[in-house]
Each structure stands twice: as structure tokens, then as C-alpha cells.
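Heads up, the thing below is written out as C-alpha cells.
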């Protein structure tokens, strides 16, 4: 894949837009920030948790960021090691004293863990590296 990504809203939506990967990360980050500033946080009125769409968008942003920083995962073993590292970082926050737990940092690690699972799916399972 080159430095350009294609985005399409839907079949009936606008024509495909070509955007550089770094610009896409900034665009998605800005969109989420603006939505929060405008009060459209995607919070569930019953529980106050972010909507699934907001969480998946956040994970997508992290996947795109990681892809700009690191090469593709080359094998199932490498992918497992990356996921295990992120899991261990999350585990440190989970096992911390509840009164001193940094929930923001814990959430960040959970998002990174989910993003690495997505990269594993894309790079290894769907990228032809499942036997490597």
C-alpha cells in the first residue's frame, strides 16, 4: 500500500477522496475533538460510556498511527509478541491499587491492545503472513 488511502462514505456517498495517511490521522483526531467540544460525544445516555462507533474510531486512529510508526507485522509469532507486550502494559494498570489507578492511561493501553489485534488481523491473517 502506498502513502495514499481511499475513503468512501457509502455507495450513494460522495466520490472517493484520496488523503495522505498522516493527514487522515489528523482529520480523524480533529473530528473526534470537535465532536466532543460540540457536545456530540457519542456517550450512551443510559450509562455515560462512549458509543461503539466512537470507540472503534479511536481504535482506527491508533491503528493508522501505529502503521506510520512501525512496519507491518511479519509473522504470527511477532504479532503474538506485540499483542502480549500491550497486554502486559494493560495488566500493570489493572493490577495497580484501585485508589491510585490511572484510568486514562489504562484506557489508552486498552485502545493500543485493540489496535495491535487489528494489525494482527490485517498484517498476518489477511496479509498472507499466517504461515510465517
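The values are calculated or read from the model by the stated rules, or taken from the named source; none is laboratory data. Not measured: the values here are computed from a predicted model. Reconstructed Cβ throughout: ideal geometry from the backbone, glycine too, with neighbour counts over all protein chains shown.
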What pairs come up if the first residue lies in the stretch 117-131 and is within 23 Å of residue 58 (Cβ to Cβ), the second is assigned to a loop (DSSP other than H, G, I, E, B) and modelled with pLDDT under 90, and their beta carbons are under 8 Å apart, counting only those six or more places apart or on different chains? 123/129; 124/130; 124/132
Go through the stretch 115-126 residue by residue and tally those that are surrounded by fewer than 18 Cβ atoms within 10 Å (Cβ to Cβ) and either in contact with a strand residue (DSSP E or B) (Cβ under 9 Å, 6 or more places away or on another chain) or in a helix (DSSP H, G or I) (or both). 5
Restrict the check to the stretch 78-88 and report whether at least one residue is touching a helix residue (DSSP H, G or I) at 6+ places or on another chain (Cβ under 6 Å), at pLDDT 90 or above, surrounded by 14 or more Cβ atoms within 10 Å (Cβ to Cβ) and outside any helix (DSSP H, G or I). no
Condition test on residue 109, is it assigned to a helix (DSSP H, G or I), free of Cβ contacts under 8 Å to residues at least 24 places away in the same chain and touching a helix residue (DSSP H, G or I) at 6+ places or on another chain (Cβ under 6 Å)? yes
